[in-house]
There are 2 protein chains.
Amino acid sequence: MPNLAGHVVLMEQLTHYHNGEFLRENEISYSVNDVGLLRGYAVFDFCRLQGSTPLFIDDHLERFRHSAGELSLEIPIDHNEIKNVVQRLIRTNELPQGSIKMILTGGDSEDGFTPGRPNMTILNKPINYPSSEAYQKGAALMLHEFHREFPDVKSTNYLTALKLQSIWKEKGYLDVLYHSGDVVWEVSRSSVFFFDGDKLVTNKEGVLKGITASKVLEACQNKFEIVIRPISLNELLNAEEVFITSTTKLVMPIVRLGDQIIGSGRPGNRTAQVRTAYDKFVAQYIQTHGG
Amino acid sequence: MPNLAGHVVLMEQLTHYHNGEFLRENEISYSVNDVGLLRGYAVFDFCRLQGSTPLFIDDHLERFRHSAGELSLEIPIDHNEIKNVVQRLIRTNELPQGSIKMILTGGDSEDGFTPGRPNMTILNKPINYPSSEAYQKGAALMLHEFHREFPDVKSTNYLTALKLQSIWKEKGYLDVLYHSGDVVWEVSRSSVFFFDGDKLVTNKEGVLKGITASKVLEACQNKFEIVIRPISLNELLNAEEVFITSTTKLVMPIVRLGDQIIGSGRPGNRTAQVRTAYDKFVAQYIQTHGG
């Protein structure tokens, strides 16, 4: 893969940040005593780069701080220092389609249970977007009864998702939608939207605060009537248009939920309008914030 | 701390096993791309040593294999090879009060989500038992509504427990009891028992299969009538005697649940009989299996 300057990018030569140092990936080492590994006690956040601009970085950092705070983990460097590190990684690696992942773990533990001093890594790697075919045809989601224990915390606990992953891939699903009976929560890594007539509906309680979701709402505020409320599985299964949003999936049309075809079984016009509005919103952000 | 041969034990000089090698702890390194760290996708098991005998090691290995299988993780070495590694660690480190922890992670991931080749560590470290005061006075448990997502898997997901830990320590609780409304599940790292008259009651559905719990049941089978069934929170709060079992807590009397004093507020006679029966059972095991 060529970088922004036209040179070949080798994964092992990318520079990342770890506890104050700039290192290659194979130089970053976590102890087996880190409760991030031993007890799944860690948070993260993830943003994508458009050229050299980290999209909505302030929102991601705010959510990262919230997640850390909920787990009583102190982030060792402040907001602006993180942004400086991110800029340095972007300039060093010059990835044409890059991402930033910040990881904060509970740190090395003496007794294997009590957190120690947090370890922090910032990775700058290529990003994988879904295929253009998925956007053209729309995607399918597996259904699974589950509710994340601390939904507003972006923790590393993806046990359910990774356990189900081989099943959903085998059956051709893009991801899994979590629900409790008739109450819809979220997709393992995405927010859920649907159209009720011309009303654009999404939920906010009991789910992760999606950054892309909040930007989609901003982008669409003068286009559709927006309703924020709990979503029932029954109305979602019978909606004309369903889509999900995330940092990597952007605005992804959903045409099947479990065995149930949604609407016409093809991506809808209003979802396409949402995508256009979101793309315009991103372009404006880059104009204002771009390096 | 002196070892079995009377020499001082330095933590950093202990030998452990990692992916086929015998290493010091600071030589064991996990990548930031291991889904054990990035996604909390890992299992473990933990057994204690009595002298140089790993107690009930075959049961622990069987549960470890079950946990790994539920997450579709392949253990890279077989049952007998693990036992040989454990014996070598015990002979090398000669810890007077030791433990064995086996950890199997989902391994390094190319996309940060799909598991790779599992990494396996076996740690041989000192063990910390609760204070003798806790056994004499009995312990208190915090109550919290929660049910682990895959209860029969000993995964590394202890997010809820570690998040609550600072609260329970501050309030003088030993640990946290999970329940869903009136249905009692388990303690974050222990099994729950109570006496209904002379009947010894414990649950088996929706909880981790406790090795100590199963040995307590074997040890007590001719002493008390044993009843295995769901436990209601109401009956537990009103029981005369409650205790919990685990590899490190052994048979721990519980004298308070939340604000509710249990029975007389002191450890009961029948719980003491259970402890005696369990200790005898362990002594017999060591006679049969001891090195």
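The values are calculated or read from the model by the stated rules, or taken from the named source; none is laboratory data. All of these numbers come straight from a predicted model, not from anything done at the bench. In this analysis, Cβ positions are derived from the backbone assuming ideal geometry, glycine residues included, and neighbour counts consider all displayed protein chains. The area values use the complete protein model at the heavy-atom level, side chains included, leaving out ligands, DNA and RNA. Shrake-Rupley method; radii C 1.70, N 1.55, O 1.52, S 1.80 Å.
Overview of results
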| quantity | calculated |
| --- | --- |
| Calculated FRET value between residue B:83 and residue A:196, using beta carbons and R₀ = 56 Å, to 0.05 | 0.40 |
| Within-14-Å neighbourhood charge of residue B:106 [Cβ basis; K, R +1; D, E -1] | -3 |
| Contour minus Cα-Cα distance for residue A:117 and residue A:91 (0.36 nm per residue) | 6.4 nm |
| Degrees, to the nearest 10: B:211-220 long Cα axis against longest axis of chain B | 40 |
| Within 10 Å of each Cβ in B:160-167, the average number of Cβ atoms from other chains | 5 |
| Cβ-vector label at 7 Å, residue A:133, separations to other copies in nm | 6.6 |
| For the range A:237-290 versus the range A:138-172, the gap between their alpha-carbon centres in whole angstrom | 19 |
| Global geometry of the range B:8-141, whether rounded, prolate or oblate, following the gyration tensor of its Cα atoms and the 1.5 cut on a/c | prolate |
| Within the range A:112-156, backbone nitrogen closer than 11 Å to the virtual label 7 Å beyond the Cα of residue A:204 toward Cβ | none |
| Teacher prompt: residue B:182 distances to equivalent labels in other copies, 7 Å Cα→Cβ, nm | 2.5 |
| Shielding score for A:113-125, defined as the mean number of other chain Cβ atoms within 10 Å | 2 |
| Extended-chain gain in nm, criterion 0.36 nm per residue less alpha-carbon gap, residue A:145 and residue A:58 | 28.0 nm |
| Peptide-level mean, for B:40-51, of C-beta atoms on other protein chains within 10 Å | 3 |
| Degrees between helix B:269-289 axis and first principal axis of chain B (Cα, 0 to 90, nearest 10) | 30 |
| By average C-beta atoms within 10 angstrom, highest first, the peptides A:77-85, A:42-50 | A:42-50, A:77-85 |
| Rough spin-label spacing in nm, given labels placed 7 Å along Cα→Cβ, for residue B:276 and residue B:288 | 2.2 |
| Protection proxy ranking, peptides A:128-134, A:267-273, average beta carbon neighbours within 10 Å, highest first | A:267-273, A:128-134 |
| Bins of 5 Å from zero: percent of alpha-carbon pairs in chain B | 1, 5, 11, 15, 17, 16, 14, 10, 6, 3, 0, 0 |
| Candidate residues A:148, A:88: accessible-area rank, largest first, probe 1.4 Å | A:88, A:148 |
| Sequence ranges B:187-200, A:110-123, ranked by mean other-Cβ count within 10 angstrom, highest first | B:187-200, A:110-123 |
| Spacing of the two label points (7 Å from each Cα toward its C-beta) at residue B:218 and residue A:23, in nm | 4.4 |
| Teacher prompt: residue B:58 distances to equivalent labels in other copies, 7 Å Cα→Cβ, nm | 6.5 |
| Where labels lie 7 Å past Cα in the beta-carbon direction, separation of residue A:66 and residue B:259 in nm | 3.2 |
| In degrees, nearest ten, helix B:57-70 long axis to first principal axis of chain B (Cα) | 80 |
| Proximal charge balance of residue A:116 [Cβ under 13 Å; K/R count +1, D/E count -1] | -3 |
| Per-q log10 I(q)/I(0), the protein assembly as shown, q = 0.08, 0.11 Å⁻¹ (Debye; single scatterer per alpha-carbon; no solvent) | -0.61, -1.08 |
